[in-house]
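Every number in this text was worked out from the coordinates using simple rules, so none of it is lab data. Predicted model, so just to flag it, every value in this text is computed and none were measured. Ideal geometry is used to build each Cβ from the backbone, glycine not excepted, and the neighbour counts take in all protein chains shown.
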There are 2 protein chains.
Amino acid sequence: MFELHSQLAKDCFVIGDFELCRLLLMNDSNFSWFILLPKRQNVSEIFELNETDQKQLLLESSFFSKKLVEHFKADKLNIAALGNVVPQLHVHHVVRYKNDLTFPSPILGKFPAKPYSNEEFDSLKQKLKNTLTQNFNFNF
Amino acid sequence: MFELHSQLAKDCFVIGDFELCRLLLMNDSNFSWFILLPKRQNVSEIFELNETDQKQLLLESSFFSKKLVEHFKADKLNIAALGNVVPQLHVHHVVRYKNDLTFPSPILGKFPAKPYSNEEFDSLKQKLKNTLTQNFNFNF
């Protein structure tokens, strides 16, 4: 059975589900920082997913990426599967702006996370509802 | 016509070609740090590739990733499409070891690159020849 790694459960909000992946939001309002996490157990690397799941991950990643560029007006996306700390396969999708806190450097480890206020999170939830109008089930 | 971005040409060795991607090696012997670069012009994001190319990138990335884990005994792979500095789409594939210089932190920007000696590069070339025995054309 699929279970979310405790560290991700602590650091993230669950936004909802694509067919394969759970969509998480890192609780750090410095960035629009999302995570796609395939709902499979005991997988750490993309190549360890079976071929069908690999293709579905790609499909969902590209679908979501395109939406992020359109609706969040990203200058660039940073997509990364690292997993040095949390071995459960998860793929970061971060919206980058040329004027954000660390551009053009990567975001990891530069600034402490700044948790969302209730108002900021409500506003982002609404934005996501307008962004993901198909192929997605919201958790709220 | 496909042309390699000048910054990558400066920082990397060209190892050879998969069907879609050119394989580069970052000239930094601190890490086994490779780049898969789809030979397409004017593409910055994975979702901007057509569907056939996206699937081929995934295929080559997973093929190469599996080989890296097997032949380089990686503890973890770090796979990332960033492109904040070089907008030409390129996907980092970094072999990570639990005792490497920056583990579990990401590698970017932590240490200055340490160029390969001729002997080190010759040895790595031989290792890659033993690793990539199919679906790949070497540049040497």
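Computed over the protein assembly as shown, the P(r) curve from all C-alpha pair distances, binned at 5 Å from the origin, holds 1, 5, 12, 17, 19, 18, 13, 8, 5, 2, 1, 0 percent per bin. Spin-label model, A:ASN27/A:LYS98: points 7 Å from Cα along the beta carbon direction are separated by 3.5 nm. What residue among B:ASN42, B:GLY83, B:SER61 has its Cα farthest toward the positive end of the dipole of segment B:1-100, where the charges are +1 on Lys, Arg and -1 on Asp, Glu, each on the Cβ? Comparing the listed Cα positions along the dipole, B:SER61 ranks first.
Chain A residue nearest by beta-carbon to the axis mapping A to B, with distance in Å: A:ALA80, 2. Mean per-residue shielding of peptide A:101-111 is 3, counting Cβ atoms of other chains within 10 Å of each Cβ. The mean number of Cβ atoms from other chains found within 10 Å of a Cβ in peptide B:80-89 is 5, as a whole number.
Annotation for B:THR133, label-to-label distances across the other copies: 5.3 nm (shortest first, one decimal, point 7 Å from Cα along Cα→Cβ). The residues packed around B:ASP53, meaning those with a beta-carbon under 13 Å from its beta-carbon, carry a net charge of -2 if Lys and Arg are +1 and Asp and Glu are -1. Inter-copy label distances for A:GLU70: 4.0 nm (label point placed 7 Å from Cα along Cα→Cβ; shortest first). Each Lys and Arg Cβ is given +1 and each Asp and Glu Cβ -1; about its Cα centre, the protein assembly as shown then shows a dipole of about 280 debye. Protection proxy ranking for B:73-79, A:26-32, A:96-102, using the average of other Cβ atoms within 10 Å per residue and placing the highest first: B:73-79, A:26-32, A:96-102.
Stretched out fully, how many nm does the piece from B:LYS129 to B:VAL43 gain, at 0.36 nm a residue minus the Cα gap? Numbers along the way, then the final one.
On the way: separation 86, 0.36 × 86 = 30.96 nm, distance 2.95 nm.
Here the answer is 28.0 nm.
Between B:GLN126, B:GLN88, B:GLN56, the GNM of chain B built on Cα springs shorter than 10 angstrom shows B:GLN126 fluctuating the most.
Return the tail of the calculated pair distribution for chain A, meaning the percent of Cα-Cα pairs more than 23 Å apart. Walk me through the numbers before you get to the answer.
Details: 3004 of 9730 pairs.
When all Cα pairs of chain A are counted, 31 percent exceed 23 Å.
In this Cβ point-charge picture (+1 for Lys and Arg, -1 for Asp and Glu), chain B has a dipole of about 380 debye about its Cα centre.
Please give the length that would be gained between A:GLU51 and A:ASP122 if that part of the chain were fully extended, namely 0.36 nm times their separation in residues minus their C-alpha to C-alpha distance (nm, one decimal). Intermediate values should be presented prior to the final figure.
On the way: separation 71, 0.36 × 71 = 25.56 nm, distance 3.69 nm.
Contour length minus Cα-Cα distance gives 21.9 nm.
When you look at the Cβ of every residue in A:4-11, what mean number of other chain Cβ atoms sits within 10 Å?
Numbers: counts 0, 0, 0, 0, 0, 0, 0, 0.
Across A:4-11, the average partner-chain Cβ count within 10 Å equals 0.
Got the relative contact order for segment B:6-138 handy, in percent, Cα pairs under 8 Å and 6 or more residues apart?
Details: 180 pairs, mean separation 37.8, N = 133.
Relative contact order comes out at 28 percent.
Listed by chain and number, the lysines whose C-alpha is less than 23 Å from the C-alpha of B:LYS125, apart from same-chain residues fewer than 8 away, are B:LYS10, B:LYS39, B:LYS66, B:LYS67, B:LYS73, B:LYS76, B:LYS114.
So, in Å, what gap is there between the alpha-carbon centers of segment A:107-140 and segment B:32-46? A separation of 29 Å, based on Cα centres.
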